[in-house]
There are 2 protein chains.
Amino acid sequence: MAQRLIVIGGDAAGMSAASQARRRRDRGDLEIVVFERGNFTSYSACGIPYWISGLVPGPEALIARTPETFRTDYAMDVRMRHEVTAIDLERREVVARDLKGGEVRERFDDLMYATGAVPVKPSWAITDAGGVFGMQTLDDGAALRDWLDADPQPRRAVVVGGGYIGVEIAEALIQRGLSVTLVEAGEQPMSTVDSDMGELVAEAMRGLGITIRGSLPVTGLEERDGRVSAVVTAEGPIPTDVVVMGLGVRPNAALAEAAGLPLGPTGAIRVDRRMRVPGHPGVWAAGDCVETLHRVSGLPVHVPLGTHANKQGRVAGINIGGGYATFTGVIGTAVTKVCDLEVGRTGLRERDATAAGFEFVSVIAESTNRAGYYPGARPMTVKLIAERPSGRLLGAQIVGWSEAAKRIDSLAVALWNGMTVDDMTQLDLGYAPPYAPVWDPVLIAARKAVDALAALDR
Amino acid sequence: MAQRLIVIGGDAAGMSAASQARRRRDRGDLEIVVFERGNFTSYSACGIPYWISGLVPGPEALIARTPETFRTDYAMDVRMRHEVTAIDLERREVVARDLKGGEVRERFDDLMYATGAVPVKPSWAITDAGGVFGMQTLDDGAALRDWLDADPQPRRAVVVGGGYIGVEIAEALIQRGLSVTLVEAGEQPMSTVDSDMGELVAEAMRGLGITIRGSLPVTGLEERDGRVSAVVTAEGPIPTDVVVMGLGVRPNAALAEAAGLPLGPTGAIRVDRRMRVPGHPGVWAAGDCVETLHRVSGLPVHVPLGTHANKQGRVAGINIGGGYATFTGVIGTAVTKVCDLEVGRTGLRERDATAAGFEFVSVIAESTNRAGYYPGARPMTVKLIAERPSGRLLGAQIVGWSEAAKRIDSLAVALWNGMTVDDMTQLDLGYAPPYAPVWDPVLIAARKAVDALAALDR
């Protein structure tokens, strides 16, 4: 008799796992059942802001593979709009509710838990009023687009929260011609970089016409005729026709917790590097619902990001399929853009480095993306954080106007390999006038960090 | 009495060394005399093709620092249009000819040899006919620009040699509206990448309207009325109004050799990693006239490139100034563009890996620079060469249509650190739809290389 894999959640992690398991074990050997509570499988949530702005057609363009593809080409039993409501680890069964009605109970040998994350939603945001949107699923995106297109057409928008999604949605809405206010409880948006670098991002956002209200928590909503009319803050209401929530996400681990699977300090599911849930043979988890190792701080972290979900799912699937693979942690690399401004980061911010107990120096180097004389040369700012006294790179951030964000990759690889800033001054990086000054910005920053360390040694 | 440093050659390496030495030792302690046979100091030779095309104003924009700046701000005795004709290591003197007339003899304590490289010029290219140009100095650039602007205005151009300079000049000339033929003795231009990747470059050049004649050595020139009228090949003459030589450069080491300084197997000057000439205390060399260690092959190589010259000069200058610095070798990273096509390379090509005695696999992965659905997504091809059986990365090449070239840096850092392709599949690289598909092209290529190695193990 074939063994059976049940996958809970049909997005990046779950479907990567299922596909890899199928590559290694055919249908006679492994039956695969997927429960997905939504309407889509394997789509790019990261692309939603660009669909809202109109840059990308959607939602079809954002879908990598449809349920039908998985059924036909991968011989999977994909059950859409089925929400798993319980996991019985003793009996090795899951209970799933068909959202059209009814309930099923299914046996598993292996269980792949890939429920992703859910948006943080404070109590004040729970409302029946129209015009308040999360921004996590294709359904969220469709609902916001409909609202923006309907009569009366919204003219003012408030985005609550200045993380990646908040910043990207603010950009999308201003591109659609709305008047946009971003309200952030912290000092400034883009707290994933240090405040000195974040200020460059905030400046650029203001340059686009986005109003930024920092250090201002939202405490409620006002509504009129069943529609949102303002967000409430300590500095008074901010009138608006639409509110988009960008307060981040938390691991969707309630079902796992109820079943007795172990959660870590981040509130996400604990897994080992083969994506097994410790203490529960045959139970796997991956994606935005798990925590992982930060290779620099050594601490567990919850980093919901499609690229990790895909990698982790693939690792789980290879292992389920009888192979051997590991996911060995993250270093917190991320890139984004605000119109033409590009932002990249990797490793620890200053506050992370302090929290992790490191002594460090940090330096900021101003340079350009191309030779100064080459047309299109634009400012580029590189920040490095280096451990004292070793000089080991702990983190890096880049803000620049073009061809800047992906340069973080070379710093990410340096960090991954534990390079010191001294080593980094020797790096043989690509040089030609259209691509870099003769001293690459990364080299300039590394030299500056070496000088900063030396100054402290005196 | 102050000691005296004599610098032979006032470009990147020489002036970097002189500046660093001055930062550490003031004029009372170290007298600095610079002999430069040309009209300029510290300029970007790499920028010349973009001046020819008109993209960059010149030549002023290409000059980083003038002789006057070095005299005034750095207290250096800079003697322009002085050609050093002999070095007497016993008496510690150089003999320099003032090109305006006369000769001087100057004593040194330290000697910085930074004479750069000279273009390869076959005997057939030695001619009095007008319209034949090298492309190495600002004077070369000025002469070509004058010729292109003068009556009768050239309409047809032949570029001899398809290395970086040849390809860049061919692009510049076609942008100026000339009909351009590139003649290459090897199979195809851009032999700095493997032929499968080079073919992508050749295709792009043909797409621009450049005629490529491969496997066709030039053997002579034809002239009429004192002007070049054709290049001669085994397949007949190719009529032209202007010929630009791009046959590469060789180290300008004749003077060093005559003085008894050691040359290595590449014909360039041998130096240690502090840029000292072995066996000759107080004699230093840096830049396009020296050879250096290739960190992957372990072999000495001659890689004339501004970024190395600057780094090496800086290292020499720090050491002359009493500090400690090293230049620990190169891995052959280089980037260039042919209009919108971007090319990056690092490490060994297949032929280099074979020559160095490695067993290896090579894989090519086709991907895109951005998420497939994101506007402006363009093809990007990544080639990896990995050692058997270790999986250690030996070399990488990228060809793509935008935001491609500088991605070689992350591969260069991976190579620098001796990563295996297995390790590389784990890398935490920046992901967002405007910058990469959810599986970064580098990760896709690394996975493919792992698969190729595994297939051979079976």
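GluC sites (Glu not before Pro) within region A:309-417: which are DSSP loop residues with at most 13 other Cβ atoms inside 10 Å? Let's see the in-between values first.
Details: sites: A:GLU342, A:GLU350, A:GLU359, A:GLU366, A:GLU387, A:GLU403; in loops: A:GLU359, A:GLU403.
When the GluC sites (Glu not before Pro) of region A:309-417 are filtered for loop state and at most 13 Cβ neighbours within 10 Å, A:GLU359 remain.
At B:PRO122, label 7 Å along Cα→Cβ: distances to the other copies, nm, ascending?
So the distances to the same position in the other copies read 7.6 nm.
Defining a contact as two alpha carbons under 8 Å apart and six or more residues distant in sequence, what relative contact order in percent does region A:121-247 show?
Numbers: 253 pairs, mean separation 41.6, N = 127.
Computed over region A:121-247, the figure is 33 percent.
At 7 angstrom along the Cα-to-beta-carbon line, where would the label on A:ARG458 sit relative to the other copies? Give the distances in nm, shortest first.
Label-point distances to the other copies, shortest first: 6.3 nm.
List, shortest first and in nm to one decimal, how far the label point of A:GLY54 (7 Å from Cα along Cα→Cβ) is from its counterparts in the other copies.
Shortest to longest, the spacings are 3.6 nm.
Compute, for the protein assembly as shown, the length of the dipole vector about the Cα centre, with Cβ point charges of +1 (Lys, Arg) and -1 (Asp, Glu) only. Units Debye, rounded to 20. Don't jump to the answer; show the numbers that get you there.
Details: 96 positive and 112 negative charges, 216 e Å.
Charge dipole, the protein assembly as shown, about its Cα centre: 1040 debye, nearest 20.
Taking neighbour counts of Cβ atoms within 10 Å as a proxy for exposure, in what order, fewest first, do A:ARG392, A:ARG176 appear?
Details: A:ARG392 20, A:ARG176 16.
Listed from fewest to most nearby Cβ atoms, that is A:ARG176, A:ARG392.
May I ask for the distance between the Cα centers of region A:228-253 and region B:53-87, given as a whole number of Å?
So the separation of the two Cα centres works out to 60 Å.
Which one of A:GLY246, A:VAL232, A:ALA170 has its Cα pushed farthest toward the positive end of the charge dipole of region A:121-247, where Lys and Arg give +1 and Asp and Glu give -1 at the Cβ?
A:VAL232
Considering only C-alpha atoms, what is the centroid distance from region B:266-303 to region A:292-367, in Å?
One Cα centre to the other: 39 Å.
Please state the charge dipole magnitude for chain B, taken about the Cα centre, from unit charges on C-beta atoms (+1 on K and R, -1 on D and E), reported in debye and rounded to the nearest 20.
On the way: 48 positive and 56 negative charges, 174 e Å.
The dipole magnitude comes to about 840 debye.
Can you tell me the relative contact order of chain A? Whole percent, Cα pairs under 8 Å, sequence separation 6 or more. Working shown, then result.
Working: 1077 pairs, mean separation 60.8, N = 458.
About 13 percent, as a whole number.
Given H placed on each backbone N at 1.01 Å, which residues far from B:VAL118 in sequence or on other chains put an amide H within less than 5 Å of it?
Long-range HN contacts for B:VAL118: B:ARG250, B:ASN252.
Given just the C-alpha atoms of region A:254-382, how large is their convex hull per residue in cubic angstrom? Can you show the working numbers first?
On the way: hull volume 19.9 nm³, N = 129.
It comes to 154 Å³ per residue, whole-number rounded.
Please count, across chain B, the pairs of lysine residues with Cα atoms under 23 Å apart that sit 8 or more places apart or on different chains. Present the calculation step by step, with values, prior to reporting the outcome.
Details: B:LYS311/B:LYS406; B:LYS337/B:LYS383; B:LYS337/B:LYS406; B:LYS383/B:LYS406; B:LYS383/B:LYS448; B:LYS406/B:LYS448.
The number of close lysine pairs in chain B is 6.
Which value, in debye to the nearest 20, describes the size of the charge dipole of region B:334-457 about its Cα centre when Lys and Arg Cβ atoms bear +1, Asp and Glu Cβ atoms bear -1, and nothing else is charged? Spell out each step's value before the answer.
Details: 13 positive and 15 negative charges, 64 e Å.
Computed about the Cα centre, the dipole is about 300 debye.
Could you tell me what a quarter of the Cα convex hull surface of region B:228-275 works out to, in nm² with one decimal place?
Details: hull surface 23.8 nm².
For region B:228-275, averaging the hull's shadow over all directions gives 6.0 nm².
Per-residue HN-Hα couplings for region A:393-404, Karplus 6.51 cos²θ - 1.76 cosθ + 1.60 at θ = phi - 60°, whole Hz, x for Gly and Pro?
Residue by residue, region A:393-404 yields 5, 10, x, 8, 9, 10, 10, x, 9, 6, 6, 10 Hz.
Arrange B:SER179, B:SER367 by Cβ neighbour counts within 10 Å, fewest through most, would you? Could the numbers behind the result be given before it?
On the way: B:SER179 16, B:SER367 21.
The most exposed by this proxy come first: B:SER179, B:SER367.
Would you calculate the separation in nanometres between label points at A:THR211 and B:THR219, each defined as 7 Å from the Cα along the Cα-to-beta-carbon direction?
It is 7.9 nm.
When a footprinting reagent is the concern and you count Cβ atoms within 10 Å, what order do A:ASP110, A:ASP422, A:ASP88, A:ASP409 take, fewest first? Walk me through the numbers before you get to the answer.
Values: A:ASP110 22, A:ASP422 17, A:ASP88 13, A:ASP409 28.
Result, fewest neighbours first: A:ASP88, A:ASP422, A:ASP110, A:ASP409.
Can you compute the FRET efficiency between A:GLU68 and B:SER53 using 1/(1 + (r/R0)^6), with r the Cβ-Cβ distance and R0 = 56 Å? Round to the nearest 0.05. Could the numbers behind the result be given before it?
Numbers: r = 52 Å, r/R0 = 0.92.
It comes to 0.60.
Looking at chain B, send over the antiparallel percent of its DSSP beta bridges, to the nearest 5. Could the numbers behind the result be given before it?
Values: 55 of 89 bridges.
So the antiparallel bridges amount to about 60 percent of the total.
In percent, what relative contact order does region A:94-163 have, based on Cα pairs under 8 Å that are 6 or more apart in sequence? Don't skip to the end; give the middle numbers.
On the way: 29 pairs, mean separation 10.1, N = 70.
Averaging sequence separation for qualifying contacts and normalising by length gives 14 percent for region A:94-163.
Quick one: Debye curve from the C-alpha atoms of region B:121-247, no solvent, what's log10 I(q)/I(0) at q = 0.10, 0.16, 0.21 Å⁻¹?
For region B:121-247, the Cα-only Debye profile gives -0.27, -0.72, -1.25.
Could you work out the Rg to Rh ratio of the protein assembly as shown, with Rh taken as the Kirkwood radius (inverse of the mean 1/r over all Cα pairs)? Provide the component values of the computation, followed by the final result.
Details: Rg = 30.9 Å, Rh = 30.2 Å.
My calculation of the ratio gives 1.02.
How shielded is A:57-66 by partner chains, expressed as the average number of their Cβ atoms within 10 Å of its Cβ atoms? Intermediate results must be reported in sequence, preceding the final value.
Details: counts 2, 1, 0, 1, 4, 3, 1, 5, 0, 0.
Mean partner shielding for this stretch: 2.
In the protein assembly as shown, what % of DSSP beta bridges are antiparallel (nearest 5)?
On the way: 110 of 178 bridges.
Here the antiparallel bridges make up roughly 60 percent for the protein assembly as shown.
How far is the Cα center of region B:162-212 from the Cα center of region B:94-109, in Å?
Centre-to-centre (Cα) distance: 42 Å.
Restricting the count to DSSP beta bridges whose residues both fall in region B:74-228, what percent are antiparallel, rounded to a multiple of 5? Intermediate values should be presented prior to the final figure.
Values: 13 of 22 bridges.
So the antiparallel bridges in region B:74-228 amount to around 60 percent.
Suppose we look only past 38 Å in the calculated P(r) of chain A. What percent of the Cα-Cα pairs does that tail hold?
30 percent
Laboratory data are not the source of any read-out in this text; all were calculated from the coordinates shown. Please read all numbers here as calculations on a predicted model, not as lab measurements. Every residue, glycine among them, receives a Cβ derived from its backbone with ideal geometry; neighbour counts consider all protein chains shown.
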